[in-house]
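Heads up: the structure comes next, in structure tokens.
The values are calculated or read from the model by the stated rules, or taken from the named source; none is laboratory data. In this text, all values refer to a predicted model and were calculated from it rather than measured experimentally. Cβ: placed from backbone, ideal geometry, glycine included. Neighbour counts: every protein chain shown. These area figures cover heavy atoms from the full protein model, side chains too; ligands, DNA and RNA do not enter into them. Shrake-Rupley method; radii C 1.70, N 1.55, O 1.52, S 1.80 Å.
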Amino acid sequence: MSKIYYKSLDEIELIRESSLLVSKTLAEVAKVIKAGMTTIELDKLAYEFISDHGAIPAFLNYNGFPNSLCISPNEQVVHGFPSKYVIQEGDLISVDCGVIKNNYFGDSAYTFSIGEIDAEKQKLVEVTKRCLELGVEKAVVGMRTGDMGFAIQQYAEANGFGVVRELVGHGVGVKLHEKPEVPNYGKRGSGPKLEEGMVIAIEPMINAGVAGIKFHNDGWTVTSKDNKPSAHFEHTVAIKRGKADVLSTFSLIEEVLQQKK
């Protein structure tokens, strides 16, 4: 079993730089995403933006994945292929992005609401985003991964939603996926202890219906078992005393979305 790799302050700043580039890439997606365009158009934009900023798309060719973004509409949970799928009014589009810059990874995801969405989807987006915030609140020295998972699970299930079990958050840094695993469910006081120098990706994947998922034959696409919508938000976070240091940001994305209203 591989060990947890603890980062120096200098390394955390390099991961921050990569994570902020991810956030800027997602803000570029926010500028153009709309009904009528295809998801592959978003992928092309992201590839060019990341490359223009001296970085490499982390997902491209990762274990054979053919694209720069994972784009997952509606009932797709994660790992969706960008394609000729035409985005529709009322869709939820989850966009997951990673980059490698100066040999360090950044990773973040955001679920976009296209035009007017129904009440169920609206609640799902709000609850999933709040789940991420609750997980981040527990990402401090002395807590355990189970404390984060418990906070996320309790809030999602209290709102009648299902928490995906088979896919989890993870350490991030010199690799895209490092130890420890960061589940979105769990028991308080369980799992690895959080210590200074750990950098993790917290990423609630919450289903509007049941928690169960289906893995598709393409080896990547994951959908909810009951085909109800799913949402996904993710931050890269450095563990600190008292308060987590969130290395990615949604503020750039949300400024763009606010301007588009």
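Here are the numbers:
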quantity	calculated
Selection from the stretch 43-100 of residues that are farther than 23 Å from L124 by Cβ, aromatic (F, W, Y) and within 16 Å of the chain's Cα centre (by Cα)	F59
Scan of the stretch 188-214 for residues that are open to solvent by 70 Å² or more (accessible area, probe 1.4 Å) and assigned to a loop (DSSP other than H, G, I, E, B), ordered by number	R188, E195, E196, V210
Cross-chain or 6+ apart pairs with Cβ under 7 Å, the stretch 34-60 first and touching a residue at least 24 places away in the same chain (Cβ under 8 Å) and surrounded by 21 or more Cβ atoms within 10 Å (Cβ to Cβ), then aromatic (F, W, Y) and not in a helix (DSSP H, G or I)	T39/Y85; A58/F105; F59/F65
The listed residue being open to solvent by less than 50 Å² (accessible area, probe 1.4 Å), closer than 26 Å to T145 by Cα and of a type in the set (G, A, S), out of S19, S2	S19
Of all residues making up the stretch 215-237, the number that are over 15 Å from the mean Cα position of the chain (by Cα), in a strand (DSSP E or B) and either on the phi > 0 side of the Ramachandran plot or touching a residue at least 60 places away in the same chain (Cβ under 8 Å) (or both)	2
Members of the stretch 227-237 found to be surrounded by fewer than 24 Cβ atoms within 10 Å (Cβ to Cβ) and either among the charged types (D, E, K, R) or in contact with a helix residue (DSSP H, G or I) (Cβ under 8 Å, 6 or more places away or on another chain) (or both), listed by number	K228
Residue, nearest to N102 (Cα to Cα), within the stretch 1-21, restricted to residues that are among the polar types (S, T, N, Q) and part of a helix (DSSP H, G or I)	S18
Qualifying residues in the stretch 239-250 (those that are over 15 Å from the mean Cα position of the chain (by Cα) and not charged (D, E, K, R)) - the one least open to solvent (accessible area, probe 1.4 Å)	I239
Residue satisfying condition, being under 21 Å from the mean Cα position of the chain (by Cα) and assigned to a helix (DSSP H, G or I), within set K34, K24	K24
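Yes/no matrix, rows are residues, columns are (1) closer than 28 Å to L9 by Cβ; (2) of a type in the set (D, E, K, R):
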{"position": "V174", "(1), (2)": "yes, no"}
{"position": "Y185", "(1), (2)": "no, no"}
{"position": "E196", "(1), (2)": "yes, yes"}
{"position": "I206", "(1), (2)": "no, no"}
{"position": "D226", "(1), (2)": "no, yes"}
{"position": "F233", "(1), (2)": "yes, no"}
